[in-house]
Amino acid sequence: MKKTILFAPATYNLAETTRCIQIAKAIKKSARCVFLSYGGEFEFLIREEGFQLHRLKPSITTKKTIHLYKIHHGKKLGELFSRNEIDKQVHAEIELIDQVKPVCIVTGFSPSTSISARVRNIPLVWITQTTWEIKTALNNMTIEYFDKLDFPVLQVLPNIIKNYLSRILYEIYSRLIIRPYNQVASKYKIINFKHFEELWKGDYQLQAESLWFNRQKTKSNEFFIGPLLAEIERDVPKQVKNIDRRKEIIYLAMGSSARKELLLGIIESFRNTDYLVITPSKSYFKDQEYNFPENVIVTDWFPAQIINDIADLSLIHGGIGTIMNAIKAGKPIIGIGMMAEQEANLLAAERLGICMRISRNRLRMDELHSLIRLALADKNMLDRARHYSKLIKKEDVNKSISSFFSQVFAVN
C-alpha cells in the first residue's frame, strides 16, 4: 500500500500552490498525495491535476486574502490569523491527520501545520528558500536595510542606522505574527515560537532554488531540490503569438505585490519607445478602461516561461519563481523588489552579475530606462545569464524530490 503524504499549500497564493503540486506530481506514482485547503483563488489547480482535496474551515475569503497579502508584503503590521482562526485550523488539521494518517505533511505557507503536525508527532516538511532568512541577512548585512526605509527623510542616514531600524521593524513584525500561534501552541503544551522564522523551519526544509543561487552551505535538515517552476498548460494569447520579433522585447511582471500606480507608471514610460513590452497584469486594470501604449501588450496571466523564452530582458519584482524563470531563460534582469524576500532574491542575482536592481522608492523612469539600455548592451551580463541558464537546465528537480522522499520517508 502506498504511503500517504498530506500537502497543505496556501491556495490563495499561486506560487505556494504550484510548488506543492509540482512536488506531488513528482512522487504521485509512489505515494498517495492528499491535499488540504481553506479555499482560495488557486485551489482549482489541485483539482485539475486530479489530487484528492479536503476543504477545511474556516474558509479564507477574498477580504482575508487581501489582508494576508498586505501582511506578507509588509504593507501593514498585524496578525496573519487571529487566535480563534488558528485554533479552528489546528483542530481541523488534527482531525484530517487522524483520518488520512500521513507519513509527513508538506506545506508551502500554512503555519498552522507547525502546530498540528507537532501535536500528532508527524514530520513536517516546509518548502522554503534561503532568502526567507531575513533576520540572518539583516544581521550579517547581506541585506543592508529594507527598501521601504529608503525614502527622502531617511536617505541621509548611514546604512548601519537604516539596518538597525530594519531589524527593529522586522522584530515587531515577527512578534505580532507569532503571538496568536504561541497562544494556540500553549493550549497543546508544545513549542513556543521565539521568532516568525521558526514557524516555517519544520523538521525538514526543501529549498526551492539552486545551491549556487544564494547560500552554498547547507544545514543538516535542508535539501536543495532546485527551482520549482510552474508547469501549467495555458493558451498563449493571440497578440503574443503574433508579436514582432524584430523589436527588443521586455517581459514586465510585478506580481501580486505591486502598487497599481507604480505599474501604470512603468507601463506609460514605454510609450513612444522602440521596445515591445509584454505584461500579464490585466487583473490590475479590470476596474476601468485604460489607454495603454500601442507597444505594450497587457494580457491575463499565463506561464512566465513562455514570455521569458522570447523576451530579451525581464523587468520583474523578484519573486523566487519569477526570478528563477528569468535565469532559466538566460536573459538579463532588471529588478524592483516590492518586499524584503524579493529584495533578497534580487540581491542574490545581482551578486551573480545577471541583475541590476533599483529601489522602488528611488524609482525614476529615466533612470529605469537607462538601466534597461545598459543591461541590453552588456554582453558580459548576457554571457553570465546564459551560463546560469545552462546550470539550471542541467538540474533534475523531479529526481531530487523523489530522492528526498525515498531517503527520508521510504517512499519508493
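Points to keep in mind about this one:
- The number of residues in region 233-257 being under 24 Å from residue 213 (Cα atoms) and modelled with pLDDT under 80 comes to 3.
- Residues considered: 294, 261. Of these, the only one that is charged (D, E, K, R), free of Cβ contacts under 8 Å to residues at least 24 places away in the same chain, outside the structural domain of residue 70 (by TED's automatic domain parsing) and closer than 25 Å to residue 235 by Cα is 294.
- Single condition residue 149 does not satisfy, out of (1) hydrophobic (A, V, I, L, M, F, W, C); (2) closer than 17 Å to residue 77 by Cα; (3) out of contact with any Lys or Arg (no Cβ under 8 Å at 6 or more places or on another chain): (3)
- Boolean, residue 135 is part of a loop (DSSP other than H, G, I, E, B) and modelled with pLDDT of 90 or more: no
- Evaluation of residue 261 against the conditions (1) surrounded by 14 or more Cβ atoms within 10 Å (Cβ to Cβ); (2) over 19 Å from the mean Cα position of the chain (by Cα); (3) modelled with pLDDT under 95; (4) in a helix (DSSP H, G or I) shows that the sole unmet condition is (1).
- Taking every residue in region 27-53 that is within 17 Å of residue 106 (Cα to Cα) and charged (D, E, K, R) and pairing it with any residue that is modelled with pLDDT of 95 or more and assigned to a loop (DSSP other than H, G, I, E, B), at least 6 positions away or on another chain, the pairs with Cβ-Cβ distances below 6 Å are 43/11.
Every residue, every condition in (1) touching a strand residue (DSSP E or B) at 6+ places or on another chain (Cβ under 7 Å); (2) of a type in the set (Phe, Trp, Tyr), yes or no:
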site	(1), (2)
258	no, no
262	no, no
265	no, no
277	yes, no
286	no, no
295	yes, no
301	no, yes
304	yes, no
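- Test set (1) crowded, with 16+ Cβ neighbours inside 10 Å; (2) in contact (Cβ under 8 Å) with a residue 60 or more places away in the chain; (3) of a type in the set (A, V, I, L, M) - residue 382 fails condition number: (2)
- Counting only helices (runs of 4 or more DSSP H) wholly contained in region 330-412, the ones carrying 1 or more residues that are closer than 27 Å to residue 265 by Cβ occupy 340-351, 365-377, 379-394.
- Checked against the criterion of being at pLDDT 90 or above and in a loop (DSSP other than H, G, I, E, B), the candidates 289, 268, 294 yield just one match: 294.
- Meets criteria (touching a strand residue (DSSP E or B) at 6+ places or on another chain (Cβ under 6 Å) and assigned to a helix (DSSP H, G or I)) for residue 20: yes
- Test result for residue 275, at pLDDT 95 or above and either of a type in the set (Asp, Glu) or more than 21 Å from residue 210 (Cα to Cα) (or both): yes
- Region 142-156 - residue that is over 22 Å from the mean Cα position of the chain (by Cα) and not in a helix (DSSP H, G or I) and, of those, surrounded by the most Cβ atoms within 10 Å (Cβ to Cβ): 150
- Looking across 46, 71, one residue alone is at pLDDT below 95, part of a helix (DSSP H, G or I) and either out of contact with any Ser or Thr (no Cβ under 7 Å at 6 or more places or on another chain) or among the β-branched types (Val, Ile, Thr) (or both). It is 71.
Let's see how each residue does on (1) in contact with a helix residue (DSSP H, G or I) (Cβ under 6 Å, 6 or more places away or on another chain); (2) surrounded by 21 or more Cβ atoms within 10 Å (Cβ to Cβ); (3) assigned to a helix (DSSP H, G or I):
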position: 66; (1), (2), (3): no, no, yes
position: 76; (1), (2), (3): yes, no, no
position: 80; (1), (2), (3): yes, yes, no
position: 92; (1), (2), (3): no, no, yes
position: 95; (1), (2), (3): no, no, yes
position: 98; (1), (2), (3): no, no, yes
position: 131; (1), (2), (3): yes, yes, yes
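- Pairs meeting the criteria (first residue in region 273-290 and touching a residue at least 40 places away in the same chain (Cβ under 8 Å), second residue surrounded by 14 or more Cβ atoms within 10 Å (Cβ to Cβ) and among the charged types (D, E, K, R), beta carbons under 7 Å, at least 6 apart or on different chains) are 275/247; 275/248.
- Some residue of region 184-200 being modelled with pLDDT under 95, touching a strand residue (DSSP E or B) at 6+ places or on another chain (Cβ under 7 Å) and not small (Gly, Ala, Ser): yes
- Among residues of region 107-161, those that are touching a Cys at 6+ places or on another chain (Cβ under 9 Å) and among the aliphatic types (A, V, I, L, M), counted: 5
- Here residue 218 fulfils each of the conditions (1) of a type in the set (Val, Ile, Thr); (2) closer than 24 Å to residue 326 by Cβ; (3) under 21 Å from the mean Cα position of the chain (by Cα) apart from (2).
- No other residue among 86, 5 is in a helix (DSSP H, G or I) and either surrounded by fewer than 18 Cβ atoms within 10 Å (Cβ to Cβ) or at pLDDT 95 or above (or both) apart from 86.
The values are calculated or read from the model by the stated rules, or taken from the named source; none is laboratory data. These numbers were taken from a predicted model, which means no experiment stands behind them. Heads up, the Cβs are rebuilt from the backbone with ideal geometry, glycines too, and the neighbour counts pull from every protein chain shown.
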